[in-house]
Amino acid sequence: IDFRGQGSVLMTSHQANEVGRKRKQKTSKSLWVIQQEQEALKETRAGGNPADVSSLHKAPPPTYTCHRCGQRGHWIQACPTGGGLQRYSDNQLDAISVPVGRGGARVIVRVRQEAPEAFKAEITIFLAGQGISDSAAMRVRGPKRERERIAAMDALQLKRAAVEGAPGRDSDGTGEYQATRKRQRELLHLEWTNEDCDQAEKEEGLPLEEIVREVDLPAQVAKPSSGDEDAVLLRPTGPGWVQAGTMTATPWKGQWFVHERQEQGTGKHHPWLWFDARTGGYYIRSDSAASGYVAATPPNAPDVYGVVFRGGSSYLPPTEAPARKDDVQVVLQDLPKTGFLLKSPLVFLDKPAAFFAVFDGLRDNGAAADFCARNFHKHLLPRLSLRHTAWEDFELADVLSETFSALDKALLSSQAQYEGCSVAVALLVGNRVATAAIGGASVLLVRKGEEPRQLTTPHVPSLPEEVARIERNGGCVVDGKVGTYLLSPQPDAQQEEITRIRCATHSFAVLGLTPEDLAEIKDMKDVRKNFRKMSLQIHPDKVVESLRPAASQAFGKLDAACEAIEMMLSRHSEATRVLAGILRRFDQCSGILTPAEAGSLLGVSSVASAPSAVNSISRTLHLLMQGGDSEAVRPDVNRGLRILEDAAEVMKKVAEPPALGRRPVAVTRAMGLRDLKTPGAAVTCKPDCPDVVEVSPGSPVALVLASDGGVGPMADVGPVVMRHWGRPRAAALQLNRAARKETPGGKAVSTTCVYLDYDDPLQEVEPAAKRARTDDGLQARVRHILVKHKDAKDKVDPMGRGRVQPTRTLQEAEGLLVEVMDELLAKDCSNFSQVCRRVSECQTADGPLQSCGDLGWITRTSAEDPVVSAASTLKVGELSDIVPTTRGLHLLYRVG
């Protein structure tokens, strides 16, 4: 029975229960028994006892668990609690069964613990009589609390709202329990005291921690379809449903609604989610099921939160190459619109939804950054679109991590595979922001009245565990750089030998042995002789104090290499020489194979012969792993096997890889950098995914996504972000200018700032499709300052002040406007007329001083869209952010 149904109530509770019983007997009885039999047999097979589910009078096997109450000793059909479960796990919530005949809906209230000091209230509303297994029709969560008792107080308030206000109705007749959602928004700015909790416990008659219980709510049914008195048609949750046509495939005959998705390649629409309007069940396709369909959790009813945000970016190119674009910023302020255009609709995602990112190119090149910027959202949106249920906090972090991994795999197969980039991203979903970062990029959080907090830690080669991992995978760290071939000149022979051993990628390179040298070895004493000779030079006792840590590391590596080579020679000398030859050839290519070099390494000339060559050589190398403990030789053999696989892949490519030489990087994790990930993963692509940030009323936040060295001193971040609150582009530019002073060599820096606030949390927010446009009559009196630059679209400006073409760059124009902004803010814009007369390059600056720079009354059609958009968000007496138009860059000052 649909508690969100349309129309008036046409049945009594008794009649509705009778209809439910008939429907259950007609469509669900056999499936119910089959499911329980499968569940019982699955569990009893593990215990080794037979079971006869058809005989309910017999005791169930000891391992059988009732999926209604979670207890053992009875069948689910004979559950004595009638579903009276006191506490539920996440798995149990997805398999709750509501008995037929109860009438109405069921509410489960609980407190979730997400971290040691993070608790949330959660209310879950179930429908009565939805087939075999009822799932959550709607879940509402309270704000994050530090104490369980306070969260339990929130849970009590949500329960009361659900009971007292159910079923709420909006204007079009669809009930969505608006009272519960309204109470949820109220809780965002309420703080409970111990006295409030004590009073609630007196009213309830039990401790707040024990309020988890079920509550039966009154039923509401829809109008039956004509010609079928037993039919009670229900409505699916969420937007975008259409009634199934006669040619549409459905799980079985009946009244169905389907949700369609557009295929990426062909653009054709096909159903992917089914809703049975008679039983209220949701289904998805499953190849493993006999019928081809399995029951699914009901979709998320997307909520529209009153979160407002502004995002802006700034980029400063490297000083030695001003035309080079090393970094790329992405700002997608309407993610559902982007998803619709890319055939990945996000109809079940909470709103607003937006995406921000900074891609910082490595190795003085922006190819990888450009590739990731163009493709990150193409990997993210399909993953968000495939999900029809609500997203948990940890799931948002997981989907970002999965996107990083998929994008890195695509990058390593592209033309930019040997380039790399660091990444920082932020995903806004409703009132939550999930962030992630990899490499030198970072994410910072700024709250009003608090010190800036770094959410992610840059992945730089300073942590001992990271250095150990890099060296285990054939890489090395020298002078704060990660690479595989860092043989730079050293001050003396002793230090150069220590560095050479530390940077050696395999045991043969450590001892300096070639395949020819191995052929001349007649006895293991020859290997030991070479070891003793080298150890006398690099032994920690033979070096100065400053070199002892590095010498100890090199000596340990030398000892391990000697043991590995002795073991390999004792097992199979010919296989040892084959492995040494493969590793040496790979070293000679500096870890980057061309198709010709890959063919030479495999000993073949055609791509078709590569797989058989790889198999033949691999069998030879596996001879070195036979004969007891092989841990000493395993790293070298595995490296050789990975080189063979990489050579076979390289031979399939037509284009030659770029001649990059030996270029180390200053990060331990990054996107791309194929030569540092193959054959050993000296650099990985696992991002940092910190806790989700919640935006709540009265607590606005700002996020800063910065490239390596993009924010300057931490002490400057807070004042800059606060001074330009609500002006993200100006704040990003100020942070970049501060970072440029601290960055050696004038490398490229980029920053994206995002300001988020909660606007009127108590106001009911309608879905975007239902909101009428109320701002068409915009009228704002605005004055402005215009600064031109040579990259502006309009080369000829009839309203320009003077006829001289500007020669300044975009970055220079931004810098000038930021200085002007600081000058205006220092005097609360009381000097706007004087500054406008001096700086502005528009003819309006030549007017009377009291109206200098006046654009008149701005309407929807009287100015360019960026000006109209900026003016509509300004309050009277407020200064805008930097506004780009076809004429140049503007500062707007609203006066009416």
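The values are calculated or read from the model by the stated rules, or taken from the named source; none is laboratory data. On a predicted model such as this, the values are computed, not experimentally measured, just so you know. Every residue, glycine among them, receives a Cβ derived from its backbone with ideal geometry; neighbour counts consider all protein chains shown. When the accessible area is computed, the model is the full protein with side chains, heavy atoms only, and any ligands, DNA or RNA have been set aside. Shrake-Rupley method; radii C 1.70, N 1.55, O 1.52, S 1.80 Å.
Structure above, values below:
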{"read-out": "Test for ALA323: is it crowded, with 19+ Cβ neighbours inside 10 Å, hydrophobic (A, V, I, L, M, F, W, C) and in a loop (DSSP other than H, G, I, E, B)", "value": "no"}
{"read-out": "Only one of THR576, THR594 that is of a type outside the set (Phe, Trp, Tyr) and surrounded by fewer than 18 Cβ atoms within 10 Å (Cβ to Cβ)", "value": "THR594"}
{"read-out": "Options ARG447, ARG453; residue that is over 20 Å from the mean Cα position of the chain (by Cα) and under 21 Å from THR752 (Cα atoms)", "value": "ARG447"}
{"read-out": "Criterion: more than 30 Å from GLY640 (Cβ to Cβ) and of a type in the set (Lys, Arg) - qualifying residue of ARG674, ARG669, ARG729", "value": "ARG729"}
{"read-out": "Test: ALA353 is surrounded by 17 or more Cβ atoms within 10 Å (Cβ to Cβ) and modelled with pLDDT under 90", "value": "no"}
{"read-out": "Per-region count, segment 842-896, residues β-branched (Val, Ile, Thr), outside any loop (DSSP other than H, G, I, E, B) and within 14 Å of ASP797 (Cβ to Cβ)", "value": "1"}
{"read-out": "The listed residue being among the acidic types (Asp, Glu), surrounded by 22 or more Cβ atoms within 10 Å (Cβ to Cβ) and assigned to a strand (DSSP E or B), out of ASP360, ASP408", "value": "ASP360"}
{"read-out": "Residues being assigned to a helix (DSSP H, G or I), of a type in the set (A, V, I, L, M, F, W, C) and either touching a strand residue (DSSP E or B) at 6+ places or on another chain (Cβ under 8 Å) or closer than 18 Å to VAL883 by Cβ (or both) - total across segment 791-841", "value": "13"}
{"read-out": "Selected residue (criterion: most open to solvent (accessible area, probe 1.4 Å)) from residues of segment 503-529 that are at negative phi and without any contact (Cβ under 8 Å) to a residue 24 or more places away in the chain", "value": "LYS522"}
{"read-out": "Close pairs from segment 197-208: first open to solvent by less than 50 Å² (accessible area, probe 1.4 Å), partner among the small types (Gly, Ala, Ser) and not in a loop (DSSP other than H, G, I, E, B), Cβ under 6 Å, at least 6 apart", "value": "LEU208/ALA152"}
{"read-out": "Subset of segment 843-896 (residues that are of a type in the set (Val, Ile, Thr) and more than 40 Å from the chain's Cα centre (by Cα))", "value": "THR844, VAL895"}
{"read-out": "Enumerated helices (runs of 4 or more DSSP H) restricted to segment 583-677, each holding at least 2 residues that are of a type in the set (Lys, Arg) and at pLDDT 85 or above", "value": "634-651"}
{"read-out": "Selection status of GLY281, modelled with pLDDT under 85 and buried (at least 19 other Cβ atoms within 10 Å of the Cβ)", "value": "yes"}
{"read-out": "Test for PRO489: is it over 29 Å from the mean Cα position of the chain (by Cα) and modelled with pLDDT under 80", "value": "yes"}
{"read-out": "Flag if ARG723 is basic (Lys, Arg), surrounded by fewer than 21 Cβ atoms within 10 Å (Cβ to Cβ) and out of contact with any strand residue (DSSP E or B) (no Cβ under 9 Å at 6 or more places or on another chain)", "value": "yes"}
{"read-out": "Failed condition for ILE565, given (1) touching a residue at least 40 places away in the same chain (Cβ under 8 Å); (2) under 42 Å from the mean Cα position of the chain (by Cα)", "value": "(2)"}
{"read-out": "Complete set of residues in segment 662-713 that are among the polar types (S, T, N, Q) and open to solvent by less than 10 Å² (accessible area, probe 1.4 Å)", "value": "THR668, SER707"}
{"read-out": "Residue in segment 288-297 that is in a strand (DSSP E or B), more than 30 Å from ARG808 (Cβ to Cβ) and free of Cβ contacts under 8 Å to residues at least 40 places away in the same chain present", "value": "yes"}
{"read-out": "Unique match (being part of a strand (DSSP E or B), surrounded by fewer than 21 Cβ atoms within 10 Å (Cβ to Cβ) and touching a residue at least 24 places away in the same chain (Cβ under 8 Å)) among VAL347, VAL330", "value": "VAL330"}
{"read-out": "Index of the failed condition, MET799 passing every other in (1) under 19 Å from VAL895 (Cβ atoms); (2) of a type in the set (A, V, I, L, M, F, W, C); (3) more than 38 Å from the chain's Cα centre (by Cα)", "value": "(1)"}
{"read-out": "Residue match in segment 543-561 (condition: over 47 Å from the mean Cα position of the chain (by Cα) and either assigned to a loop (DSSP other than H, G, I, E, B) or crowded, with 17+ Cβ neighbours inside 10 Å (or both))", "value": "yes"}
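Quick grid of which residues meet (1) of a type outside the set (Val, Ile, Thr); (2) open to solvent by 40 Å² or more (accessible area, probe 1.4 Å):
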residue: GLN834; (1), (2): yes, yes
residue: CYS842; (1), (2): yes, no
residue: GLN850; (1), (2): yes, yes
residue: SER862; (1), (2): yes, yes
residue: ASP865; (1), (2): yes, yes
residue: ILE882; (1), (2): no, no
residue: THR885; (1), (2): no, no
residue: HIS890; (1), (2): yes, no
residue: VAL895; (1), (2): no, yes
